[in-house]
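> Encoded as structure tokens, here's the structure I'll be asking about.
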Amino acid sequence: MTATECDCLADRKSLPDTAVHILRECWFLAWSLVPAGRTLRRRLANRGGPRILLLPGLFATDAAMRPMRMALRYAGYRAYRWGLGRNKGASADLFDRLDARIDQLQRRDDRPVILLGWSFGGLIAREYAKVAPHRVRAVITLGSPFSGDLSATMLARVYEWIAGHRVSAPPIECTLSEKPPVPTAAIWSRCDGVIPVSAARGAAGEADYRIETSCSHLAYPSDGGALMAVLDAIARCCPDEVMAPPEPRPVFARGDLPRGLPA
């Protein structure tokens, strides 16, 4: 779906704004799943590349990030679950638990890891990188509202209900718009019906790279275009960590085995 089509749908004012946002999310989620199927229906091959820890969005679990995790593994990266259960927002011990998870990843290889966070998971990744920059190679966010007033987003009240505290009074010190002291890329979409473009894209100086894609907010973990944006972000933030494209799969002569391997 193109940016123009996103803008056209966003301009429809015949329904209340909230209903329009919900309809947009449903439409673009369904549309985004089409290319995702073609992108992800491949034989996976983890070729021992750089490590990426994927952080799910608010109230989501590792299961929501599975399509992106599997696609990154196919691309040669070592992609891991965050392993902290359902994301219920900020808590006083959040960074300690995330620290313990990264400890597990660094037992055999103490090099910093790339943090890839969807929505609220991206906010956690950015804030953790500020307190432990020596453990983070780069931060990549997917539709994360790190810029502007977080209370202005559609999910502010939902967040407060889930997390048990006001958006303006989290249990950890943070300045969301402040850029972490590591390479940072913000992936955003005009088709996002949940997070405003300005909040996910950020202002100048709030992220090193701002990369546009075209998918709904709910489709970030499974959209083919979002995957390409993530690979672009890795190339920009960590040029020394980029993996070479997978080798072509063998094609067998007719009569021996089916031509090509299953898609």
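> Quick one: Karplus J couplings for segment 187-199, per residue in order, coefficients 6.51, -1.76, 1.60, θ = phi - 60°, nearest Hz, x for Gly and Pro?
Result, rounded to whole Hz: 9, 9, 9, 5, 8, 5, x, 10, 9, x, 3, 4, 6.
> Still on this model: Cβ under 14 Å from SER151's Cβ, SER151 left aside: what net charge do those residues give with Lys, Arg +1 and Asp, Glu -1?
The answer is 0.
> Once both labels are modelled 7 Å past Cα along the beta-carbon direction, what's the TRP161-ASP149 spacing in nm?
For TRP161 paired with ASP149, the spin-label model returns 2.2 nm.
> Also, I was wondering about something else. Suppose all protein chains stay in the model; what accessible area per residue would a 1.4 Å probe give for segment 57-102, in Å²?
40 Å²
> What percentage of the solvent-accessible surface of segment 194-233, computed with a 1.4 Å probe over protein heavy atoms, is contributed by carbon and sulfur atoms?
That fraction is 54 percent.
> Moving to a separate point now. Rounded to two decimals, what is Rg over Rh for segment 94-237 when you use alpha-carbon atoms and the Kirkwood radius?
0.95
> Can you give the FRET efficiency for ASP93 and MET228, using 1/(1 + (r/R0)^6), R0 = 35 Å, r = Cβ-Cβ distance, to the nearest 0.05?
Once the sixth-power term is evaluated, E becomes 0.45.
> Quick one: if the Förster radius is 22 Å, what FRET efficiency do THR61 and ASP109 give, using the C-beta to C-beta distance and rounding to 0.05?
According to the calculation, E is roughly 0.30.
The values are calculated or read from the model by the stated rules, or taken from the named source; none is laboratory data. Only a predicted model underlies this, so the values are computations on that prediction, with no experimental measurement involved. FYI the Cβ positions are ideal-geometry reconstructions off the backbone, even for glycines, and counts take in every protein chain you see. For accessibility, only protein heavy atoms count, side chains too; no ligands or nucleic acids. Shrake-Rupley method; radii C 1.70, N 1.55, O 1.52, S 1.80 Å.
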